[in-house]
1. Relative contact order (percent) for the chain, with alpha-carbon contacts under 8 angstrom and 6 or more residues of separation?
2. Could you tell me what a quarter of the Cα convex hull surface of the chain works out to, in nm² with one decimal place?
3. I want the local charge near Glu26. Using Cβ-Cβ distances under 14 Å, sum +1 for each Lys or Arg and -1 for each Asp or Glu among the other residues.
4. Considering the chain as a Gaussian network with a 10 Å cut-off on Cα pairs, which listed residue, Ala133, Ala23, Ala72, attains the greatest mean-square fluctuation?
5. Just the number, please: carbon plus sulfur as a percent of the accessible area of the chain, 1.4 Å probe, no ligands or DNA/RNA counted.
6. Report, in debye and to the nearest 20, how large the dipole of the chain comes out about its Cα centre when Lys and Arg carry +1 and Asp and Glu carry -1 on their Cβ.
7. What does the charge count around Val50 come to, taking other residues whose C-beta lies under 15 Å from its C-beta (Lys +1, Arg +1, Asp -1, Glu -1)?
8. Given a 10 angstrom Cα cut-off, can you work out which residue in Cys123, Cys85, Cys54 is the most mobile in a GNM of the chain?
Amino acid sequence: MADSFDDFVKDLQNQIFDETRTAYGEVAFQRWLKPLYNGEMNDADGYGRVTGTCGDTMEIFLKLDDDLVKDATFRTDGCGSSSICGSFAAELALGKSPDEVAEISGETILNTLGGLPEEDRHCAFLAAETLQAALHDFMMKERNKK
Ligand code: FES
């Protein structure tokens, strides 16, 4: 039994961390703790925004230079898994050409983070769909420049 309220809170937090790590695996757990590439980008070359059937919305911002993704960020109002998946979608796009980004799927994201519980797998597909929407936006802008 905890000695004080602080100990109680600490025990509770550790319990939540242990349960999350067990359910999601170490790679996804670490990204849940620190969702890299989270944020808005004002001068994005490509922008995607998709609302999934779950009602959560994901946004992805891409900045390209020399036909390679130089910067990528995401934003979501969704669950913890959608943050993890958005973060990996952005990370996977970094340094890639448009053709290579086009290859990134929900399965790619799931494989990278070591899988997700069945009920959260759709979050990876929402992230991939949003990434493809951002890529499509970039391609359309490039085509209109010609
Ligand atoms: Fe909707 Fe995760 S539950 S994106």
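The values are calculated or read from the model by the stated rules, or taken from the named source; none is laboratory data. What you see is a predicted model; the values in this text were computed from it and never measured. Reconstructed Cβ throughout: ideal geometry from the backbone, glycine too, with neighbour counts over all protein chains shown. In case anyone asks, the SASA skips ligands and DNA or RNA and just uses the protein heavy atoms, side chains included. Shrake-Rupley method; radii C 1.70, N 1.55, O 1.52, S 1.80 Å.
1. Working: 232 pairs, mean separation 36.3, N = 146.
Reported as a whole number, the value is 25 percent.
2. Working: hull surface 40.3 nm².
Taking a quarter of the hull surface, the average projection is 10.1 nm².
3. Numbers: positive: Arg21, Arg31, Lys34; negative: Asp18, Glu19.
Its environment carries a net charge of +1.
4. Checking each option, the largest mean-square fluctuation is seen for Ala23.
5. Working: 4090 of 8310 Å².
Roughly 49 percent of what the probe reaches on the chain is carbon or sulfur.
6. Details: 14 positive and 28 negative charges, 108 e Å.
Computed about the Cα centre, the dipole is about 520 debye.
7. Numbers: positive: Arg49, Arg75; negative: Asp56, Glu59, Asp77, Glu129, Asp137.
Residues close to Val50 contribute a combined charge of -3.
8. Cys54
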